[in-house]
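Below is one structure, written out as structure tokens; comments come after it.
The values are calculated or read from the model by the stated rules, or taken from the named source; none is laboratory data. Every value quoted in this text rests on a predicted model; they were computed, and no experiment measured them. As a convention, Cβ positions derive from the backbone with ideal geometry for all residues, glycine included, and neighbour counts pool all protein chains shown. Side chains are part of the model used for accessible areas, which takes the heavy atoms of the whole protein and leaves out ligands, DNA and RNA. Shrake-Rupley method; radii C 1.70, N 1.55, O 1.52, S 1.80 Å.
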Amino acid sequence: MTNTPHPLLPNEEERYKPIVSTFICPKCKKHSKIQLRACVNVSLHPEEKDQVLNNEFFQYTCECGEKTPIVYPCLYDDMGKALMIYLLPDKTEDALEKMNAQQDTWSPEMVKAALVCTMRAVRTPNDLCEKIKIFDNDLDDRYVELTKAFVLAQFGKQHPDLRVVQALYDRKDGKDGFVFITDEEKMLFAEIPDGLYDEIIRMFENKIPQKKTSCYELIDIGWAMEVLRPDKEN
Ligand SMILES: [Zn+2]
């Protein structure tokens, strides 16, 4: 964990100190002192990015071998990509609103810095991994979420018997697509048909706001559904 003050959140220094907590293993009941890192700084700690992507970062492994998910608010900061993703697992919408309201206390320099960054909020570590992969593959998450809505609708027609509970962007064998997870925990990969992503950009680039904001935004399938709502046209 680094204590380097973050340029965007100077009044939030507390957030960037490791949080020391006592963990009680649910299996062997051993008490352990653990340090939670409230920020993943990709430039300073590339290994932490790997841990996030390997699902190790938000997990504690006890001496007995038991792995327990430990999820808490955490900022993923990739200044090389001008990308900031806030994992806000608890009451995400409320937490997001509070986070964005704090901008009133920011200096003009900080707001300027935020304006050149892509600022996102996510609900779960899986959503965080999805965002990292989207931006690592130089895609725009807004068009990815809109593409997801189309591919998901198509998938639903082809597999009326399956109920998808989660859909996450991924790239497999060089092909962009989505991993659909069903209520029976089946995992299926659906490729994005050739040309669809570019078609989606053409269809929606004039319909979604292009102006950068300094706020963290929740861009997910719910956001895409809102853009696609028929009465939105009127
Ligand atoms: Zn244990």
Within the stretch 15-40, how many residues turn out to be at pLDDT 90 or above and among the β-branched types (Val, Ile, Thr)? 4
Please return the ranges of strands (runs of 3 or more DSSP E) entirely within the stretch 82-179 where 1 or more residues are out of contact with any Asp or Glu (no Cβ under 7 Å at 6 or more places or on another chain), of a type in the set (Phe, Trp, Tyr) and farther than 22 Å from Ile201 by Cα. 83-87
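Here is a yes/no grid of residues against (1) more than 16 Å from the ligand (Cβ to nearest atom); (2) hydrophobic (A, V, I, L, M, F, W, C); (3) under 25 Å from Ser32 (Cβ atoms); (4) free of Cβ contacts under 8 Å to residues at least 40 places away in the same chain:
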| site | (1), (2), (3), (4) |
| --- | --- |
| Val42 | yes, yes, no, yes |
| His45 | yes, no, yes, no |
| Asn55 | yes, no, yes, no |
| Tyr60 | no, no, yes, yes |
| Gly80 | yes, no, no, yes |
For the stretch 202-211, does any single residue satisfy the condition of being outside the structural domain of Arg120 (by TED's automatic domain parsing) and touching a residue at least 60 places away in the same chain (Cβ under 8 Å)? yes
For Phe178, only one of the following conditions fails: (1) of a type outside the set (A, V, I, L, M); (2) buried (at least 21 other Cβ atoms within 10 Å of the Cβ); (3) within 25 Å of Glu97 (Cα to Cα); (4) touching a Leu at 6+ places or on another chain (Cβ under 9 Å). What is its number? (3)
Quick check: anything in the stretch 54-67 hydrophobic (A, V, I, L, M, F, W, C), open to solvent by 30 Å² or more (accessible area, probe 1.4 Å) and either assigned by TED's automatic domain parsing to the domain that holds Lys212 or under 15 Å from the mean Cα position of the chain (by Cα) (or both)? no
